[in-house]
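Input: a single structure, listed below in structure tokens.
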Amino acid sequence: MPRGFHYEGALGQGSYGCVVAATRTPDGAPVALKMFSNTSHIVQPSSSDPDWSTLRELRVLRLLPTCEFIVPPLEVVRCGPGDRTLCLVSEMMGESLESYIYYVYTQSYSPHSVATATSSSSGSGGDSGEPMSPNLLSTFNHCSIRWIAQLLCALQFLHDCGVGHRDVKCANILLPLGAGRALEKAGSVHRLRVPKVKLCDFGLARPYVRQRDKTRESPNSRRRDTAPERLHRASDYGGYTQHVGTPVCLAPEVLCWSKYYSLAEADLWSLAADVIARLISGPWPCGLFSEDYGGVGYIEGSKLDDIHDQDGWILRRIASVIGRPSDRELKAICRNLPYRRVLESQYFSDLPASSSDSADSGLRELYETCCPTGYSLLRSILRWDPADRATLQDAMANEFFYTMGDEEWPVCDWKAEELQYSEEFDYEAGDSWDSVALEAEMAWEVEAWRQRKASNCHSRPRGRTRKSY
């Protein structure tokens, strides 16, 4: 543990390292420490991620203005042998939205919860735990619409700042400390104060690709644009790392290994597929497109050979829910002709061709009866062609939010800064660095965080002399 912090327990683990709960000894404040592994910020030749992924995460968080729907970072410290381990200190939050959804689901729909509620109402008492609160489900439904509005504002904030999250899902959305228990004990929803959810885990976040200056670009270095011209409506359209994020939450164009897509459109798809779909019709334990994927191959029950088989299964699940893509839609998301033929022959061939009446029969069956306005919101976002999808502004104006008063909408009054044009991301346009250059830049970043804490502002240190490596 770094000096000045007392270990309280483990919270999670990933490829980056681990997250632990701690207490800050000077003031006793609870905090969360994301502890990067000793070599996560050193060049890894075998890694498919950019060499500077950790540097990028720390820099994005430092330069982002304050937003009430983003878990606020506090400081970066070093620990471990030779101070080689970096720790990102953040405000301590409560359980994830995924954990809360699963809890409400088990309490509301599981056979055990029904038996407990029945025995409790008959006066015989339950055989385990406390009976479910009768208001739990209505409280959840009341909060869900407001949480979706908050998360749309969180994405608007990031995209206004020129940043894509690239891993939007329920597991990366946190409730305040004690919010789950407070909601369970809540009475009437009319007097309920809805807790604010916050987006966390910026390990895959990155600034938009800068718009290329064609006047300074030599003919030999010019890349051929292979994507549909209509995708240029996205302000962040550009080349990104292929297939980044949680597979069942990815937009179709990312699943098709496209390198040219919009981070804003991909983030909104992920929000709809894994968050909105699990909130609008009561708690649902899994994402919209993860239900049919069981790890078994499509042909003769063989196991999946590689990640492309997994992607094909997820794309098939998407097609079974929102309808089989037309030739035009498939070309819009997949510019690779051989892979497009594989999808058509192996994954889509036995699905009925979509018509105007049956295009989204799976989605309609799931949501139209129980939540017509929620179905309308999902249908506007979950479309194959990115050019046909609703934007964030379209989603916010959807009839799904008509039951909310204007005073309930979050106030989006932040000062946006387009980070993709910051000189601190100049390295994004350059070649990969060696370990010496990257280590020097990481040392400067840690010092920038130290000065940020000292000045208690988001501005970078003055008088920096950029090194040439």
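The values are calculated or read from the model by the stated rules, or taken from the named source; none is laboratory data. In this text the structure is predicted, and so the values were computed from the model without any measurement. We place every Cβ from the backbone using ideal geometry, glycine too, and count neighbours over all the protein chains shown.
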In region 206-217, is there at least one residue being modelled with pLDDT of 80 or more, closer than 30 Å to Met404 by Cα and crowded, with 22+ Cβ neighbours inside 10 Å?
no
Which numbered condition Leu137 misses (of (1) crowded, with 21+ Cβ neighbours inside 10 Å; (2) modelled with pLDDT under 95; (3) in contact with a helix residue (DSSP H, G or I) (Cβ under 6 Å, 6 or more places away or on another chain))
(1)
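Quick check, is Cys371 crowded, with 19+ Cβ neighbours inside 10 Å and within 19 Å of Leu271 (Cα to Cα)? Step through it out loud before you land on a result.
Values: crowded, with 19+ Cβ neighbours inside 10 Å: yes; within 19 Å of Leu271 (Cα to Cα): yes.
Taking the combined requirement at face value, the residue satisfies it.
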Going through (1) over 28 Å from Ser15 (Cα atoms); (2) at pLDDT 65 or above one by one, Pro247 fails only at (1)
If the requirement is being at pLDDT 55 or above, closer than 23 Å to Glu57 by Cβ and either among the hydrophobic types (A, V, I, L, M, F, W, C) or out of contact with any helix residue (DSSP H, G or I) (no Cβ under 6 Å at 6 or more places or on another chain) (or both), which of these qualifies: Lys169, Lys185, Lys198?
Lys198
For region 53-99, the count of residues that are part of a loop (DSSP other than H, G, I, E, B) and buried (at least 16 other Cβ atoms within 10 Å of the Cβ) equals 8
Per the filter on region 298-323, residues touching a Cys at 6+ places or on another chain (Cβ under 9 Å) and either under 24 Å from Tyr375 (Cβ atoms) or at pLDDT below 55 (or both) are Leu315
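Output the residue which, of all residues in region 327-339 that are crowded, with 17+ Cβ neighbours inside 10 Å and in a helix (DSSP H, G or I), is nearest to the chain's Cα centre (by Cα).
Among those residues, the one meeting the criterion is Ile333.
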